[in-house]
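Everything below concerns the one structure shown next.
Just so it is clear, none of the values below were taken in a lab; they were calculated from the coordinates. Source: prediction; values computed, not measured. Cβ placement follows ideal geometry from the backbone for every residue including glycine, while neighbour counts extend to all protein chains displayed.
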């Protein structure tokens, strides 16, 4: 029989015509489906050549594979910078494994191309036109490869175990460790918030890796109801008070570990608020605050919503907080439902009366560094300046061009790959090591 595209179907018909038993037919069907799956996962010739050229640093050769339209959007130099940025974030490129055909339109096709880097499996969405040129490519999905030296750890709290990842430097028996606290919402231990951020951030994991390379261990963990700690399903447990207790529990646990010379704490966004509370309850020598608000959550939300909704809606925010404080059922405008909903009422209520700047002022005997990006729209740099004013002994660092995601942002990007701020990494590591 001559092999053709229809060979599996012809072979299936032949087997059925020979009265194979149903059991053998099922085995055959599984085999054929496996063959078809392998066929669908083969490497696409155009994508294969493109990623091979990029991995070999043949920028001009890779550029020739882009369509004329794509070439108007990106230069050879920008393509080189783009690929180098990817390497900075995900580690050195290792291999290009396969393509999955998502859609075929005439002679054009849309692919999901999987590449393996040192720390991540990165899927790119690649559009190949009828001229066999790449019309566009973009980041599709990122799946982390566990960091070398990452160790699963846990502490026991009311209701079960809370799991975290301990990142350790290699070849160092005794070193300092920093507890990394994530921001608000469904933000996990790596800094991803898939419900709120379409891109994969991984900021905390990158920080952990960078710190480990500089001889500093770190512990990061998923909040209750997130990631490895999904077993905590009650929204009423997701409150600032409980987050404070969890951080304090981790601090006590780390202090009891003889491998660590010192224990510090670092928080991002709401994690910074928790870091302040935890340091007051369980003193540490050093606190790192990243994009941390100085004002109450109520005031911050008013400022965040003001540019986007009508003034009449903004005025309901203080009313909602008062209703929650009085244990009343709040009336929430539809435009605020993303933040003010039944699943978040307990969390919002727990923030009532909490002014981070006032609490920070009590950390007079603690070394504190306050770091903020100049283009952070969630927690503007004015918030960092207010924190610094409340504790003049603290160190203030405003990083030009850094966003709330702790990355250097650019208005013109062919693909959503933005490097973690290098000044952030150097400032944090220098502060913790001095």
Kindly state, to the nearest 0.05, the FRET efficiency for residue 338 paired with residue 258, given R0 = 45 Å and r defined as their beta-carbon distance. 0.50
How far apart, in nm, are the 7 Å Cα→Cβ label points at residue 60 and residue 423? 3.6
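Over the stretch 177-314, what is the relative contact order in whole percent, taking alpha-carbon pairs under 8 Å and six or more residues apart?
25
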Rounded FRET efficiency, nearest 0.05, which uses the C-beta distance separating residue 234 from residue 331 and R0 of 22 Å: 0.35
Between residue 285 and residue 107, what FRET efficiency follows from the Cβ-Cβ distance if R0 is 51 Å, with the result rounded to 0.05? 0.20
Rounded if a/c under 1.5, otherwise prolate or oblate - the stretch 45-144, Cα gyration tensor axes: oblate
Expressed in nm to one decimal, what extension gain is obtained for the pair residue 213 and residue 73 from 0.36 nm per residue of sequence separation less their Cα-Cα distance? 46.8 nm
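Rounded, prolate or oblate: which fits the stretch 76-115, taking a ≥ b ≥ c as square roots of the Cα gyration tensor eigenvalues, rounded meaning a/c under 1.5, else prolate when a/b beats b/c?
Because a/c hits 1.5 or more and a/b fails to exceed b/c, the stretch 76-115 counts as oblate.
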Length added when fully stretched, residue 52-residue 141, from 0.36 nm per residue minus Cα-Cα: 30.1 nm
Could you work out how much longer the chain between residue 80 and residue 393 gets when fully extended? Use 0.36 nm per residue separation minus the Cα distance between them, nm to one decimal. 108.4 nm
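With the cut-off at 1.5 for a/c, could you classify the stretch 290-409 from its C-alpha gyration tensor as rounded, prolate or oblate?
oblate
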The stretch 373-408 residues near the modelled residue 434 label - backbone nitrogen below 15 Å, point 7 Å along Cα→Cβ: 393-398
